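Please read the structure below before turning to the comments.
Rule-based calculations on the coordinates, nothing more; no lab input. Note that the structure is a prediction, hence the values are computed from the model and not measured. Every residue, glycine as well, gets a Cβ built from its backbone with ideal geometry; the counts of neighbours run over all protein chains shown.
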Amino acid sequence: MDINIFIKLNELIHLNKELIKSTNLTLYGAYSPEARYQPLSMDNDNSWIAASKLDLLLGHKSNDSKIRELQQSEVLREQRINFVTIQFGGEDEFALGASRYSADPSPTSRIVNKELRKLLNKLAHTGVKTCHGDIIENHFWTDGALACGKQWHRFLRTGIYQKKNSEDGYRPAL
């Protein structure tokens, strides 16, 4: 499973809350690489915003012993089986990065993939165009991402390369 979405943070929080409701899964976040994953409250968006700077993990509560005993930096691919990793793409003054849902094949990833695609059919649009005109069908974008007026890049650059985020990126394939 690998789904990329150009989406604003508040829309991503809303999408994840809807996904949790429809799948009855739990979203876990760690606030630093040294922290352990903790379940995120449905009522506290601030905890989601802080945790969105790192990976979020979506999975069944029955599997949380695989991740809750380890620091975020110690959770390897083997422990992520039956969890879906959610990464907020980020945003800076120039651009919006693509948020990503990814997972190895598992019963959890099949459930999330099915429900996420249903939600994206309601809340997002499909297909983006690269700056070279190539169309990528399996990427999604939201109205909020379009309204922000920023460039879209799959990965945001930082440091001395950050200015490159202002260069042409992806755009809707309308």
Rounded to the nearest Å, the spacing of the alpha-carbon centers of the stretch 1-25 and the stretch 90-154 is 10 Å
Flagged as over-length at 31 Å C-alpha distance, from 61/122; 61/129; 118/150; 53/114, the pairs are 61/129
For the residue 164, residue 45 Cβ pair and Förster radius 25 Å, calculated FRET efficiency rounded to 0.05 is 0.20
Answer in debye to the nearest 20: the dipole magnitude of the chain about its Cα centre, from +1 Lys/Arg and -1 Asp/Glu charges placed on Cβ, is 280 debye
Taking a crude spin-label model, label points 7 Å out from Cα along the C-beta direction, the residue 74 to residue 126 distance in nm is 4.2 nm
In terms of the alpha carbon gyration tensor, root eigenvalues a ≥ b ≥ c, rounded if a/c is under 1.5 and otherwise prolate when a/b exceeds b/c or oblate, the stretch 84-141 is prolate
For Rg/Rh (Cα atoms, Kirkwood Rh) the list reads [x] 0.99; [y] 1.08; [z] 0.97; the calculated value is entry [z]
With only helices counted (DSSP H, runs n ≥ 4, each -39500 (n - 2.57)), the per-residue ellipticity at 222 nm for the chain, to the nearest 500, works out to -8000 deg cm²/dmol
Scalar couplings 3J(HN,Hα) for the stretch 80-95 by Karplus 6.51 cos²θ - 1.76 cosθ + 1.60 (θ = phi - 60°), nearest whole Hz, x for Gly and Pro, are 7, 4, 6, 10, 9, 8, 10, 10, 6, x, x, 7, 9, 5, 9, 8
Between the residues 113, 73, 170, the Cα farthest towards the positive end of the dipole of the stretch 17-174, that dipole coming from +1 and -1 charges on the beta-carbon of Lys, Arg, Asp and Glu, is from 113
Taking 0.36 nm per residue of separation between residue 119 and residue 18 and subtracting their Cα-Cα distance, the length gained on full extension comes to 35.6 nm
The chain: relative contact order from alpha carbon pairs under 8 Å, six or more residues apart, as a whole percent, is 25 percent
